[in-house]
1. Scan the range 99-136 for residues that are of a type outside the set (A, V, I, L, M) and assigned to a helix (DSSP H, G or I) and jot them down.
2. Among the residues of the range 64-85, how many are in contact (Cβ under 8 Å) with a residue 24 or more places away in the chain, more than 12 Å from Ile241 (Cβ to Cβ) and among the aliphatic types (A, V, I, L, M)?
3. Only one of these is more than 20 Å from the chain's Cα centre (by Cα) and either surrounded by fewer than 17 Cβ atoms within 10 Å (Cβ to Cβ) or modelled with pLDDT of 70 or more (or both): Ser183, Ser207, Ser198, Ser238. Name it.
4. Looking for whichever is at pLDDT 85 or above, over 25 Å from Arg225 (Cα atoms), out of contact with any Cys (no Cβ under 9 Å at 6 or more places or on another chain) and of a type in the set (A, V, I, L, M, F, W, C) here; the options are Leu24, Leu48, Leu79. Which one fits?
5. Could you look through the range 87-98, keep only residues that are part of a loop (DSSP other than H, G, I, E, B) and in contact with a helix residue (DSSP H, G or I) (Cβ under 8 Å, 6 or more places away or on another chain), and pick out the one that is surrounded by the fewest Cβ atoms within 10 Å (Cβ to Cβ)?
6. Residues that are at pLDDT below 95 and aliphatic (A, V, I, L, M): does the range 114-124 have at least one?
7. Report the residue count in the range 108-131 for those that are farther than 24 Å from Trp212 by Cβ and touching a Gly at 6+ places or on another chain (Cβ under 8 Å).
8. So which residues in the range 229-254 are among the aliphatic types (A, V, I, L, M), in a loop (DSSP other than H, G, I, E, B) and free of Cβ contacts under 8 Å to residues at least 40 places away in the same chain?
Amino acid sequence: MQATVAESYAAAENLAAALGLALLDPGDTADKNCFAALLLVSPDTLALQAPGRSAPNPVAVDFGAAAMRHRRRGGQNELLGRAVGVGKKSPLRVLDATAGLGRDSFVLADLGCEVTLAEREPVVAALLRSGLAHAGSSADRWLGEVVGRMTLAEGDARQLGAAAVERQDVIYLDPMFPPRDKSAAVKKEMALFQALFSHSDAVEDASALLAWALQMPVARVVVKRPLKAAPLGGRAASHAIRGKAVRYDVYVLSALGAG
């Protein structure tokens, strides 16, 4: 971890202690290539970056970025909304059990859902916490309203209390598999995340997460999959909603009632 300016050093020091990370000060000349990645702390953001001069741009959670504003106009949002059941109940409560950088959670919140973001990787959870705080303090009314429907739950979704899960209508899963976006930026970003956070048993772990979700008292479970991939864990869905590059496997467990 490194503070990008001296004013951020105290915050970086506290975060490094909380996450159990080594701390570098802004003027440190040590060879940073010995680190898998650097967590950059500045006054208004937190970002993750691979070391080296040829490293891609830092990865941060910025819900107000132009890319996120562009995405809210995309047709895929309608597919995601249909998959979770937007319009069938208000408010619709969704547990995103694999929140990652929170982009799908943000889309769901923009569609009016109340979203709980569960993220078990402490560094990624810290990025989410920073992004939510930054968006929540924005003067942009729309942005503040959307993130106001998002709640971060740091840790494995399976460790949430029974009361937290019982109030959900839908559990949403997007296991971290090879990137579907063909852009170089997304490929480099996902390569960094997969190098840091993927595990050799990722497929088995994702299958176990689905098995857990299907046992929960929710109306449906939705799994985001590459378009031509087999169903997660070999479990056939009730139905699937297909886009050009991805599909949403929907496991209907009960009706989404109004209320």
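1. Of everything in the range 99-136, those that are of a type outside the set (A, V, I, L, M) and assigned to a helix (DSSP H, G or I) turn out to be Arg103, Asp104, Ser105, Phe106, Asp110, Pro122, Arg129, Ser130, Gly131, His134, Gly136.
2. Qualifying residue count for the region: 1.
3. On the way: Ser183 fails: more than 20 Å from the chain's Cα centre (by Cα); Ser207 fails: more than 20 Å from the chain's Cα centre (by Cα); Ser198 fails: more than 20 Å from the chain's Cα centre (by Cα).
The unique qualifying residue is Ser238.
4. Leu48
5. Checking each candidate, the answer is Gly87.
6. Yes: the range 114-124 contains one or more residues that are at pLDDT below 95 and aliphatic (A, V, I, L, M).
7. Counting residues in the range 108-131 that are farther than 24 Å from Trp212 by Cβ and touching a Gly at 6+ places or on another chain (Cβ under 8 Å) gives 2.
8. Once the filter is applied, which keeps residues that are among the aliphatic types (A, V, I, L, M), in a loop (DSSP other than H, G, I, E, B) and free of Cβ contacts under 8 Å to residues at least 40 places away in the same chain, the range 229-254 yields Ala230, Ala236, Ala237, Leu253.
The values are calculated or read from the model by the stated rules, or taken from the named source; none is laboratory data. Computed from a predicted structure; not experimentally measured. All Cβ positions, glycine included, derive from the backbone under ideal geometry; neighbour counts span all protein chains shown.
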